[in-house]
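Shown next, in structure tokens, is the structure this report addresses.
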Amino acid sequence: MKLSVIVPTANEAPNIEQLVNRVAGACKDIDAEIIFVDDSTDDTPEVIGRVASTAALPVRMIHRTEPEGGLSGAVVEGLQSSSADYCLVMAGDLQHPPELIPVLLAELEGGRHDVALASRYCGPGSSADGLPSLYRRIVSGSASLLTRCLFPSKLRDCSDPLTGFFALRRSTVDYDRLRPGGFKILLEILGRHRLAVSEVPFIFDKRTAGTSKAGVRAGMGFLLQLVQLRIGRAGVFAGVGAVGAVLNLLIMGLLLAAGTHYVFAAVVAAELTIVSNFVMQERLVFGASLPTARSRTTRFLHSFGFNNAEALLRLPVLMVAVETLMINSVVAQGLTLLAAFTVRYLYHSKVVYRPTQPAPAAATMPGVRREPFVPQAQGDPVM
């Protein structure tokens, strides 16, 4: 097969029939299929099944009851389930015009480009007016500008790295390098690969049905993604450690001010920050590793045990620094925390969050149901 059209959906039932018909019309001369990766809680899966039974091209669905990685995770599952030469990603809300599918595909078939994207910001013929307010348009344009400034080399030919409408040569992406999370999967792909990019201007249409999934949570996820791509996982781990270190020193300082002995104050501060660091690193640092890692209880016990052992080893060093070298106890505590950073990161990345098994295929992942649908005009099921 030449092309798989990947459509991540979440409660987009009113748009499905028109979307399938328009994609089928755009792909009438292309050997193509549609793959819905559905995280819906409404009747969208049933609507997809009904529409697919009479569609003019093959339609498949992966319904995820545990949507790991959000929209980006859905796109990655769709890409991994495809065996086509090319994949095209578009939204299920009809804000991406399916009529551009042949244009984007043609950009790749020439062989000079790895990714072809539909841009809202590349001059004549492009527009972001489909965004519902001036505020959203300003935020979108500013986010794109910020992203390009942070990645001037990889995004030098890309005016809209946050678009959700793009096509790629499937063989050019190393899926093991991706850390899907949030909305902006194209940024994840471009940020972790060096790919040749081509742009096609398009007008971002207004949503006609359903509700937007953008919001404060999506914005925070985008900022975290930028940080992870720019400074790497070790950098984010260091940031979490820095927050924990400040909290540690603050707690210790408060206990010392209350008249507590510095050893007891150091122990209490360490225990509280060990727990808070675990909570932060689960969400901010190792979130993409959770589906294949040990259970949360096991991860916590490994992390808690190691950090306590490391804290016990640091305690004699702290005592020598304070009582022999006459270093201020809070300063000494900070120095020991800094020295232990590398060992903590290596242990957590190589042991606590080490995959216990390979990431399973979408068809067999817990919480994922793959449902093939067969157009009446077709013969054998599409599997």
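The values are calculated or read from the model by the stated rules, or taken from the named source; none is laboratory data. Bear in mind that the values here come from a model prediction, so they are computed numbers and not experimental data. Methodologically, a virtual Cβ is constructed for each residue, glycine included, from the backbone with ideal geometry; neighbour enumeration extends over all protein chains shown. All accessible areas refer to the heavy atoms of the entire protein, side chains included, with ligands and DNA or RNA removed. Shrake-Rupley method; radii C 1.70, N 1.55, O 1.52, S 1.80 Å.
The set of residues in region 293-309 being free of Cβ contacts under 8 Å to residues at least 60 places away in the same chain and surrounded by 17 or more Cβ atoms within 10 Å (Cβ to Cβ) consists of Arg299, Phe300, His302, Ser303, Phe306, Asn307.
Against the conditions (1) touching a helix residue (DSSP H, G or I) at 6+ places or on another chain (Cβ under 6 Å); (2) open to solvent by 20 Å² or more (accessible area, probe 1.4 Å), Pro67 satisfies every one except (1). Is at least one residue of region 175-183 open to solvent by 30 Å² or more (accessible area, probe 1.4 Å) and under 21 Å from Leu3 (Cβ atoms)? Taking every residue of region 175-183 in turn, at least one turns out to be open to solvent by 30 Å² or more (accessible area, probe 1.4 Å) and under 21 Å from Leu3 (Cβ atoms). When we screen Ser171, Ser212, Ser153, Ser159 for residues that are among the hydroxyl-bearing types (Ser, Thr, Tyr), at pLDDT 85 or above and open to solvent by 30 Å² or more (accessible area, probe 1.4 Å), the only hit is Ser171.
The condition (being open to solvent by 60 Å² or more (accessible area, probe 1.4 Å), within 26 Å of Pro67 (Cβ to Cβ) and of a type in the set (A, V, I, L, M, F, W, C)) is satisfied by just one residue among Val115, Val139, Val89: Val139. For region 149-178, the set of residues classified as in a helix (DSSP H, G or I) and under 12 Å from Ile189 (Cβ atoms) consists of Arg170, Thr172, Tyr175, Arg177, listed by residue number. Checking every residue in region 51-58 against the condition of being closer than 20 Å to Phe166 by Cα and either open to solvent by 20 Å² or more (accessible area, probe 1.4 Å) or in contact with a Ser or Thr (Cβ under 7 Å, 6 or more places away or on another chain) (or both) gives zero matches.
Number of residues in region 123-148 that are in contact with a Cys (Cβ under 9 Å, 6 or more places away or on another chain) and not in a helix (DSSP H, G or I): the value is 0. Each residue in region 251-264 was checked for being closer than 20 Å to Gly241 by Cβ, in contact (Cβ under 8 Å) with a residue 40 or more places away in the chain and of a type in the set (A, V, I, L, M, F, W, C), and 1 of them qualify. Considering region 251-365, the qualifying helices (runs of 4 or more DSSP H), each wholly inside and each with 1 or more residues that are basic (Lys, Arg) and either in contact with a strand residue (DSSP E or B) (Cβ under 7 Å, 6 or more places away or on another chain) or modelled with pLDDT under 85 (or both), run over 262-284, 296-323, 341-347. In region 278-289 there is no residue that is among the small types (Gly, Ala, Ser) and either in contact with a helix residue (DSSP H, G or I) (Cβ under 8 Å, 6 or more places away or on another chain) or surrounded by fewer than 13 Cβ atoms within 10 Å (Cβ to Cβ) (or both). Looking at the structure I just gave you, is Ser4 assigned to a loop (DSSP other than H, G, I, E, B) and hydroxyl-bearing (Ser, Thr, Tyr)? When the stated conditions are applied, Ser4 does not pass them. Confirm whether Ile189 is at pLDDT 75 or above and of a type in the set (Val, Ile, Thr). For Ile189, the condition - at pLDDT 75 or above and of a type in the set (Val, Ile, Thr) - is met. Summed over region 37-89, the residues that are part of a helix (DSSP H, G or I), among the aliphatic types (A, V, I, L, M) and out of contact with any strand residue (DSSP E or B) (no Cβ under 6 Å at 6 or more places or on another chain) give a count of 3.
Within region 263-275, the set of residues being open to solvent by 30 Å² or more (accessible area, probe 1.4 Å) and within 16 Å of Phe237 (Cα to Cα) comprises Val275 only.
Determine if region 90-100 includes at least one residue that is more than 21 Å from the chain's Cα centre (by Cα) and either more than 30 Å from Val51 (Cβ to Cβ) or charged (D, E, K, R) (or both). Yes, because at least one residue in region 90-100 is more than 21 Å from the chain's Cα centre (by Cα) and either more than 30 Å from Val51 (Cβ to Cβ) or charged (D, E, K, R) (or both).
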